[in-house]
Amino acid sequence: MADYYDRHATIFIATTRDVDMSDARERFLAAVPARANGPARILDAGSGSGRDALALRVLGYDVKAFDASPAMVAATQAHAAVETRLMCFEDFAWEHSFEGIWACASLLHVSDADLSGVVDRLAAHLVPGGALYLSFKRGTGARVKDGRRFTDMTAEGLAALLDGCGAFNEPDLWESRDCRPDRTSEVWVNAVVNKT
Ligand SMILES: C[S@@+](CC[C@H](N)C(=O)[O-])C[C@H]1O[C@@H](n2cnc3c(N)ncnc32)[C@H](O)[C@@H]1O
């Protein structure tokens with residue numbers, strides 16, 4: 001998977017860096033708890049171009065990031081100037097917890113078989129009350145497009161995934177149109193949850 005983003009880094013960055021994610025970002029940030037002794041810590045998980053890591057850092061959050069693609073790690077570091085690690089969701093670990101984890105259009109590349117374990121891992125790295133944002137393309141099951149594997153999700157499927165984790169309260173679930181001008185027919189399924 002990462003090799004797709006390495007091979008197509010220039011075009012991927014050019015077509016995603018300016019996408020307006022303010023609606024989802026505001027819904028997520030409204031759920032991120034404050035931290036007593038400093039800015040809330042937010043992890044951009046599968047950070048791609050670094051668009052959201054930059055937006056979050058500019059808002060004053062303590063942002064870290066990771067991605068499985070070396071080209072995307074370099075892009076995030078260069079664009080957002082935040083610590084960005086080369087890491088896969090499947091091996092994810094960090095030495096501290098976060099008030100928020102932002103996984104925008106990234107968990108969709110994790111296989112269905114691995115998803116619940118990965119969501120458990122992310123939940124384990126949230127403080128109590130911490131918020132997780134995640135988004136998938138609307139659909140069911142696995143598919144391969146242009147060499148990328150996607151796990152698609154309905155709102156019901158995403159609710160069941162989060163419920164199965166057993167670590168979260170009721171999700172804020174919504175659908176949205178792709179913001180890219182040539183992709184407006186694509187529908188995204190989004191969720192924000194808080195760890196109980
Ligand atoms: C569709 S892009 C989304 C990038 C960014 N979050 C955004 O919204 O523009 C998917 C990102 O997830 C990364 N990725 C794919 N599989 C991954 C995995 N198993 N672990 C971590 N990152 C992964 C890719 O390298 C890519 O940067």
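The values are calculated or read from the model by the stated rules, or taken from the named source; none is laboratory data. Everything numeric in this text was worked out from a predicted model, so none of it was measured. When we count neighbours, we look across all protein chains shown, and the Cβ atoms used for this are built from the backbone with ideal geometry, even at glycine. All accessible areas refer to the heavy atoms of the entire protein, side chains included, with ligands and DNA or RNA removed. Shrake-Rupley method; radii C 1.70, N 1.55, O 1.52, S 1.80 Å.
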Checklist entry - Can you tell me which residues in the range 32-44 are under 11 Å from the mean Cα position of the chain (by Cα) and more than 21 Å from D18 (Cβ to Cβ)? => result L43
Checklist outcome for this item: Considering the range 71-87, residues that are under 19 Å from D20 (Cβ atoms) and aliphatic (A, V, I, L, M), and then whichever is surrounded by the fewest Cβ atoms within 10 Å (Cβ to Cβ), we arrive at A80
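For every residue, the table says whether it meets (1) within 30 Å of D3 (Cα to Cα); (2) open to solvent by 40 Å² or more (accessible area, probe 1.4 Å).
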{"site": "R27", "(1), (2)": "no, yes"}
{"site": "A31", "(1), (2)": "no, no"}
{"site": "A36", "(1), (2)": "no, yes"}
{"site": "A40", "(1), (2)": "no, no"}
{"site": "R57", "(1), (2)": "yes, yes"}
{"site": "D62", "(1), (2)": "yes, yes"}
{"site": "A65", "(1), (2)": "yes, no"}
{"site": "S69", "(1), (2)": "yes, no"}
Checklist outcome for this item: For the range 14-42 the number of residues that are near the ligand (Cβ under 9 Å from one of its atoms) and either more than 30 Å from N194 (Cα to Cα) or among the charged types (D, E, K, R) (or both) is 1
Next on the checklist: Residue pairs, Cβ under 8 Å, 6 or more apart or interchain, first in the range 105-120 and within 16 Å of D52 (Cβ to Cβ) and part of a helix (DSSP H, G or I), second open to solvent by less than 60 Å² (accessible area, probe 1.4 Å) and β-branched (V, I, T). List them.
Outcome noted: L107/V118; L107/V119; L107/T151; L108/T151
Next on the checklist: Every residue in the range 121-155 that is closer than 26 Å to D20 by Cβ and assigned to a loop (DSSP other than H, G, I, E, B), please.
Outcome noted: G139, D146, T154
Checklist entry - Mind checking whether some residue in the range 90-98 is more than 7 Å from the ligand (Cβ to nearest atom), in contact with a Ser or Thr (Cβ under 7 Å, 6 or more places away or on another chain), open to solvent by less than 30 Å² (accessible area, probe 1.4 Å) and not in a loop (DSSP other than H, G, I, E, B)? => result no
